[in-house]
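Participant: One structure is given below, represented as structure tokens, and several questions about it will come after.
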Amino acid sequence: MANLCVAGSHSINGVSALHSEILKDTVFNDFYTITPDKFKNVTNGIAFRRWICQANPELTKFITELIGDSFITKSDELLKLRDFKDDRQVLETLQKIKYNNKLRFAETVKKRNGVELNPDSIFDVQVKRLHEYKRQLMNILHVMYLYNQLKDNPNMDMVPRTFIFGAKAAAGYRRAKLTIKLINAVADKVNHDEDIKGKLKVVFIEDYRVSNAEIIFAAADVSEQISTASKEASGTGNMKFMLNGALTLGTMDGANVEIADLVGPDNIYSFGASSNWIIELYEQKARDPKLGYQSEIYYHRPDVKPLVDFLLDPALTRYGDAEALKALWTDITGKDWFMSLLDVESYISARDRAIHDYGDKPFWARKMLVNTARCGFFSSDRTIAQYNKDIWRLK
Ligand SMILES: *Cc1c(COP(=O)(O)O)cnc(C)c1O
């Protein structure tokens, strides 16, 4: 089907700079040699009127007070916010607004899930379709690991952490549904355990959709964008988080690469194997299906084995479906097609860096401001204008 599409189309777009290159270099390399001019890039964007004006009225009002309201239709105006990056008053107000949005979200969660969230904890959020390449499993494995660390050492000094998941699985996608079950099993266990003194909470938001997404993005501190590099064509959730002052914890995939370029390395938490390296690994696997690095990592890195083995822990299987959990364990220690084990250690260390920085309020607030200020590029107004200039050519 994709080949027919390329043959019949005058323009082909990978929807982010990285993926437009991947199309030319790998997926459609033959077509590219014949008709190079068809291959274009227009990076995706998001509707600012929804994802800031409607989703975050308090932030919209504050930005308007600082730089006027022209950013609503001329998104690059947000760059003017950079003038305030050392203004303590402004940074404090940004944090106050984030806090209020966290309270608003906590009220929703209380109603929907019956779980009490601590607005002073870090809100670490992964909301998107449930898919193996998006690696919700890698996220929840680390949450289980943290929980077990706290169980062993309840007095461990730790910034309280709230892990928020939201996702829908396609109707026939069994593995995705099992992952949702796992997240809910962990949430049940963690949220009812008095020993850990509220230092950890896990919530799964049902019916993830645009209306509740608006409230979630405004309340997020950390944006989980942890796809196996080369698999996420662009992502747009990453842009909604950035606009609302959440910091990206992500692989160098899709539009995350462009976010990293825009904000600079001090204002993003990047980790993991590069897309080139992962594409090379898939080619090696195609040549030699038995090729595996998983057992090497599983058996020989001291932190990885216990992390994965929690899937088999009776403390968890009592809450979940033991057989399903065993299936997830077999997959991750066997094929691990989406390479969670390859990236899990660098994921954990990037996450640790983020939690460490979060403890320094003004330092973190400055990064929030830089993210919002640099987000103008991701307005869908820019995307549409570029489609028109390069592809549609309407008058
Ligand atoms: C933005 C959005 C998505 C896309 O999220 P990604 O993280 O880019 O995959 C999916 N569903 C809803 C409801 C959204 O608002």
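Coordinate-derived values only; no laboratory data. Model, not experiment: these values are computed from the prediction. Cβ placement follows ideal geometry from the backbone for every residue including glycine, while neighbour counts extend to all protein chains displayed.
Participant: Near the amide H of Ser270, under 5 Å away, which other amide H atoms are found, from residues 5 or more places off or on another chain, if H is placed in the peptide plane?
Facilitator: When sequence neighbours closer than 5 places are left aside, the close amide H contacts are Gly250.
Participant: Turning to a different aspect of this structure: Near Lys285, which aspartates and glutamates are there with a Cα under 15 Å away, not counting those fewer than 8 places off in the same chain?
Facilitator: Leaving aside aspartates and glutamates fewer than 8 places away in the same chain, those within reach of Lys285 are Asp336.
Participant: What is the mean projected area of the alpha carbon convex hull for the stretch 45-91, to one decimal in square nanometres? Please report the intermediate quantities before stating the final value.
Facilitator: Values: hull surface 13.2 nm².
So the mean shadow area of the Cα hull is 3.3 nm².
Participant: Name the aspartates and glutamates eligible as straight-distance cross-link partners of Lys40: C-alpha to C-alpha under 15 Å, and not fewer than 8 places from it in the same chain.
Facilitator: Glu21, Asp25, Asp390
Participant: Still on this model: Given q = 0.09, 0.12, 0.14, 0.15 Å⁻¹, what are the Debye log10 I(q)/I(0) values for the chain, with equal point scatterers placed on the Cα positions and solvent ignored?
Facilitator: Computed log10 I(q)/I(0) values: -0.56, -0.99, -1.30, -1.45.
Participant: Right, here's the next one. How big is the Rg/Rh ratio for the stretch 185-272, C-alpha atoms only, Rh by Kirkwood, two decimals? Don't skip to the answer; put the middle values down first.
Facilitator: Working: Rg = 15.1 Å, Rh = 14.5 Å.
Ratio value, two decimals: 1.04.
Participant: Could I ask something else about it? Tell me, what is the FRET efficiency for Glu280 and Leu394 to the nearest 0.05, using R0 = 41 angstrom and their Cβ-Cβ distance as r? Intermediate results must be reported in sequence, preceding the final value.
Facilitator: Details: r = 41 Å, r/R0 = 1.01.
E between Glu280 and Leu394, to the nearest 0.05, is 0.50.
Participant: Hey, got a sec? Which chymotrypsin sites (Phe, Trp or Tyr not before Pro) in the stretch 142-215 land in a DSSP loop and have at most 16 other Cβ atoms within 10 Å? Present the calculation step by step, with values, prior to reporting the outcome.
Facilitator: Values: sites: Tyr145, Tyr147, Phe163, Phe165, Tyr173, Phe204, Tyr208; in loops: Tyr173, Tyr208.
Sites meeting the loop and neighbour criteria: Tyr173.
Participant: Per residue of the stretch 118-133, what does 6.51 cos²θ - 1.76 cosθ + 1.60 with θ = phi - 60° give for ³J(HN,Hα)? Whole Hz please, x for Gly and Pro, Karplus curve as stated.
Facilitator: For the stretch 118-133, the Karplus curve yields 9, x, 7, 7, 7, 8, 9, 10, 10, 10, 4, 3, 7, 8, 4, 5 Hz.
Participant: How large is Rg over Rh for the stretch 2-54, taking Rg from the Cα atoms and Rh as the Kirkwood inverse mean of 1/r across Cα pairs? Working shown, then result.
Facilitator: Working: Rg = 14.1 Å, Rh = 12.2 Å.
Using only Cα positions, Rg/Rh for the stretch 2-54 is 1.16.
Participant: Can you compute 3J(HN,Hα) from phi for each residue in the stretch 212-222, using the Karplus curve 6.51 cos²θ - 1.76 cosθ + 1.60 with θ = phi - 60°, rounded to whole Hz and x for Gly and Pro?
Facilitator: Going residue by residue, I get 7, 4, 4, 6, 5, 4, 5, 9, 7, 9, 10 Hz, with x marking Gly and Pro.
Participant: For a 30 Å ceiling on Cα separation, which of these pairs sit above it: Lys102/Lys168; Lys98/Lys177; Lys98/Lys168; Lys38/Lys367; Lys96/Lys389; Lys111/Lys181?
Facilitator: Beyond 30 Å between Cα atoms: Lys98/Lys177; Lys38/Lys367; Lys96/Lys389.
Participant: Okay, moving on. Could you please report the charge total around Lys110, scoring K, R as +1 and D, E as -1 over all other residues with beta-carbon less than 13 angstrom from its beta-carbon? List each step's numbers first, then the result.
Facilitator: Numbers: positive: Lys102, Arg104, Lys111, Arg112, Lys201; negative: Glu107, Glu116.
Here the charged neighbours net out to +3.
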